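To start, the structure itself, in structure tokens.
The values are calculated or read from the model by the stated rules, or taken from the named source; none is laboratory data. Computed from a prediction, not measured in an experiment: that's the story for all the values here. Cβ atoms come from the backbone with ideal geometry, glycine included; neighbour counts cover every protein chain shown. To get the accessible areas, we keep the full protein, side chains included, count just its heavy atoms, and leave off ligands, DNA and RNA. Shrake-Rupley method; radii C 1.70, N 1.55, O 1.52, S 1.80 Å.
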Amino acid sequence: TSDFLLGAAVRYEDYSDFGETVTGKLWARLDMSPTFAIRSTVSTGFRAPGVQQLFYGQRSTNLNAEGVLTDTLTARQDSAVTRAFGIESLKEEESVSGTLGIAWTPSDDFTLTVDVFRIDIDDRVIFSSNIQPEDAAGCLPDNSNCPIRAILDPIGVGQVLFLTNAIHTRTEGIDIFADYTTEAPGGTLDLTALLHWNQTEAKARHSQSSILPPEVLFDDPQVTLIEEGQPGSHHVLQGVYHIGDWD
């Protein structure tokens, strides 16, 4: 109708080296008055692992948990090491996201929009914790009771990490946009505010490995890095003064 808009889209994709995927989007807008509207969007998405995530690997010297320098292997996914741990090849991340917001334009000089959002990402591709071997004092000579040490000792490294689909995350937040234009001496002044807040939570940890439980594969410090490692807010305040041909 003249006051209500409803839209939908479906997308099918077929990749020669990745597989098939279907994503969709549904959106709506309701004009409550000529100056006020409510809008909402729900969509699904995916992200295939990048080339660098599929093939990157290195060996370096880093500090272990005890503060001792040790050889550290960043194992390439689908390598002999990751297969020994029972870690499967990387698969795509899948997401469901939604927004709900308002748009208010009480005059030609002022516009305000407020949108809340939520993004759920399943099977997020993320670096594991630094996996360290069991205490040698409790291991048998053949390491049969120490599976991590049995994997690392033959290749001469003291710890290993790798990319894997280890966690489900949820990000929630709010975006506020305001724009105001007013007359100024000799010209006009445009004032803009962009305000953003967000919070990310690791909803679940999981492991494909029978050797590494979820809390070892992706430990608490890694959870903290995901939840606190990015800014929780970002604000931009801008003023543009127009005088003739000058801004």
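Sort out which residues of the stretch 24-36 are in a strand (DSSP E or B) and out of contact with any Lys or Arg (no Cβ under 6 Å at 6 or more places or on another chain), and write them in order of number. Full working, then the answer.
Filtering the stretch 24-36 down to residues in a strand (DSSP E or B) leaves 24-33, 36.
If the condition is that a residue be in a strand (DSSP E or B) and out of contact with any Lys or Arg (no Cβ under 6 Å at 6 or more places or on another chain), then Gly24, Lys25, Leu26, Trp27, Ala28, Leu30, Asp31, Met32, Ser33, Phe36 are the ones that fit.
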Number of positions in the stretch 149-178 that are out of contact with any Cys (no Cβ under 7 Å at 6 or more places or on another chain), open to solvent by 40 Å² or more (accessible area, probe 1.4 Å) and outside any loop (DSSP other than H, G, I, E, B): 11
Flag for Ile121 being in contact with a Phe, Trp or Tyr (Cβ under 9 Å, 6 or more places away or on another chain), open to solvent by less than 60 Å² (accessible area, probe 1.4 Å) and not in a loop (DSSP other than H, G, I, E, B): no
Which listed residue, of Gly101, Gly158, is in contact (Cβ under 8 Å) with a residue 24 or more places away in the chain and under 27 Å from Ala28 (Cβ atoms): Gly101
Selection count, the stretch 179-216, where residues are outside any strand (DSSP E or B) and touching a Lys or Arg at 6+ places or on another chain (Cβ under 7 Å): 2
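How many residues are closer than 30 Å to Asp135 by Cβ and open to solvent by less than 40 Å² (accessible area, probe 1.4 Å) if we restrict to the stretch 58-94? Give the derivation first.
Within the stretch 58-94, the first condition is being closer than 30 Å to Asp135 by Cβ, and the residues that meet it are 58-88.
From the residues that got through so far, the ones that are open to solvent by less than 40 Å² (accessible area, probe 1.4 Å) too are 60, 64, 70, 72-75, 77, 79, 81-82, 85-87.
Total satisfying the criteria: 14.
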Criterion: closer than 30 Å to Pro221 by Cα, in contact (Cβ under 8 Å) with a residue 40 or more places away in the chain and either of a type in the set (S, T, N, Q) or part of a strand (DSSP E or B) (or both) - qualifying residue of Thr82, Thr21: Thr82
